[in-house]
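Notes to accompany the following structure.
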Amino acid sequence: MSENTQEANMRNNSGMFVARSLDEIRFWSRIMKEHSLFLRLGFRCEDTQLIEEANQFFHLFERIEQQSHSLTNQADPEQIRRFNTEVQQAATGIFLFKRKVLGLILTCKLPGANNFPLLVDHTSREANYFRKRLKELNEGKLKPLADAIIKENVFFLRIMADHAKFIGHLLDPSERKLVDMARNFSNDFDQLVFQAVDLESMKPQSQTAPLLDQFLDQNRVSVVSLRDFKKTARDLIEECKIKSIIHPLLADHVFREAERFLEIIDMFESHLTGETYN
Ligand SMILES: [Fe+2]
Ligand SMILES: [Fe+2]
């Protein structure tokens with residue numbers, strides 16, 4: 001490889017590193033900011049300390065989000081590396097806060113509070129995912145494609161299954177049709193999670209191009225219909241056409257997470273078709 005090609009490759013890689021990092025931070029810092037809001041809304045009036053902590057995380061991630069939008073893909077990779085480390089610390093902080101809250105709920109220290117334990121656990125898994133992604137980016141370690149496909153799908157399918165459960169439980173029980181639909185999505189995604197876990201346990205023999213391709217196709221079909229269901233629910237909630245205790249921002253939040261999963265599936269699909277696996 002000539003000196004010039006090597007240099008061009010390095011420039012290209014650092015360009016990718018900057019773009020990838022900013023994309024992750026822009027998406028997930030907004031998500032973390034919103035989690036802080038949802039947690040706060042679920043606390044009781046007397047939980048002033050927890051409310052204060054949640055507010056601090058809200059402002060912290062709001063600042064991070066603003067900063068990520070002020071940076072461009074031409075930013076200095078060193079500066080982005082430092083930014084990633086800083087954001088990773090913030091993500092660790094909110095992860096620990098969520099686990100602490102989960103502990104308080106599960107030991108019945110917050111009777112009457114309105115955050116489901118599964119929702120708190122779920123948001124902590126998302127924080128952990130964000131934290132690990134930034135660490136991977138900074139260490140320049142990319143998982144082999146076949147491993148990444150299975151791992152990301154196991155993670156996101158479970159996230160989608162949880163969303164269906166939250167929607168089902170936060171809709172008013174009198175919205176029988178919608179509650180039924182949410183329950184069907186929950187069952188569908190539970191099945192997909194098990195399928196993904198089975199494929200994972202059959203690794204590496206299961207990592208053939210046809211199997212991975214079919215796996216992605218099947219998941220995409222279900223995620224598209226869940227995404228559409230979430231979009232409908234979001235619109236109905238915004239227009240105040242259905243009875244629920246779902247915050248309109250939560251409805252939009254879970255819709256955006258489904259969109260994110262779809263983008264990831266499409267990205268994998270395009271990489272997969274460009275490579276040979278056997
Ligand atoms: Fe979330
Ligand atoms: Fe989520």
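Within segment 128-163, how many residues are over 24 Å from ARG81 (Cβ atoms) and within 14 Å of ligand 1 (Cβ to nearest atom)?
Of the residues in that region, 8 qualify.
In this structure, does HIS69 turn out to be surrounded by fewer than 16 Cβ atoms within 10 Å (Cβ to Cβ), in a helix (DSSP H, G or I) and within 22 Å of the chain's Cα centre (by Cα)?
Numbers: surrounded by fewer than 16 Cβ atoms within 10 Å (Cβ to Cβ): yes; in a helix (DSSP H, G or I): yes; within 22 Å of the chain's Cα centre (by Cα): yes.
So HIS69 fits the description; yes.
Restricting attention to segment 228-255, which residues are over 21 Å from LEU37 (Cβ atoms) and crowded, with 20+ Cβ neighbours inside 10 Å?
Once the filter is applied, which keeps residues that are over 21 Å from LEU37 (Cβ atoms) and crowded, with 20+ Cβ neighbours inside 10 Å, segment 228-255 yields only PHE229.
What are the residues in segment 33-79 that are in contact (Cβ under 8 Å) with a residue 24 or more places away in the chain, more than 16 Å from ligand 1 (Cβ to nearest atom) and of a type in the set (A, V, I, L, M), if any?
LEU50, LEU60, LEU71, ALA75
Inside segment 107-126, can you point out the residues that are among the hydrophobic types (A, V, I, L, M, F, W, C) and either within 25 Å of PHE156 (Cβ to Cβ) or in contact (Cβ under 8 Å) with a residue 24 or more places away in the chain (or both)? Break it down into steps so the answer makes sense when it comes.
Within segment 107-126, the subset among the hydrophobic types (A, V, I, L, M, F, W, C) is 108, 110, 113, 116, 118-120.
Result: LEU110, ALA113, PHE116, LEU118, LEU119, VAL120.
In segment 218-255, what count of residues is obtained for those that are more than 17 Å from MET181 (Cβ to Cβ) and without any contact (Cβ under 8 Å) to a residue 12 or more places away in the chain? Don't jump to the end; show me each part of the working.
Residues of segment 218-255 more than 17 Å from MET181 (Cβ to Cβ): 218-220, 238-240, 245, 247-250, 252-253.
Okay, now just the ones that are also without any contact (Cβ under 8 Å) to a residue 12 or more places away in the chain, so 239-240.
The total comes to 2.
So LEU96 ticks every box in (1) part of a helix (DSSP H, G or I); (2) surrounded by 16 or more Cβ atoms within 10 Å (Cβ to Cβ) but one. Which box is left unticked?
Of everything listed in (1) part of a helix (DSSP H, G or I); (2) surrounded by 16 or more Cβ atoms within 10 Å (Cβ to Cβ), LEU96 misses just condition (2).
Residue under question is LYS143, and the condition is that it be farther than 16 Å from ARG260 by Cβ, away from ligand 2 (no atom under 16 Å from the Cβ) and of a type in the set (Lys, Arg); does it hold?
Values: farther than 16 Å from ARG260 by Cβ: yes; away from ligand 2 (no atom under 16 Å from the Cβ): yes; of a type in the set (Lys, Arg): yes.
For LYS143, the condition - farther than 16 Å from ARG260 by Cβ, away from ligand 2 (no atom under 16 Å from the Cβ) and of a type in the set (Lys, Arg) - is met.
Just one of ASN138, ASN115, ASN187 is within 27 Å of PHE229 (Cα to Cα) and either within 16 Å of ligand 2 (Cβ to nearest atom) or surrounded by 14 or more Cβ atoms within 10 Å (Cβ to Cβ) (or both); which is it? If you could, list the steps in order and put the result at the bottom.
Numbers: ASN138 fails: within 27 Å of PHE229 (Cα to Cα); ASN187 fails: either within 16 Å of ligand 2 (Cβ to nearest atom) or surrounded by 14 or more Cβ atoms within 10 Å (Cβ to Cβ) (or both).
Only one candidate qualifies: ASN115.
Rule-based calculations on the coordinates, nothing more; no lab input. Worth saying up front: this structure is predicted, and the values here are computed from it rather than measured. Please note: Cβ atoms are built from the backbone with ideal geometry, for glycine as well, and neighbour counts cover all protein chains shown.
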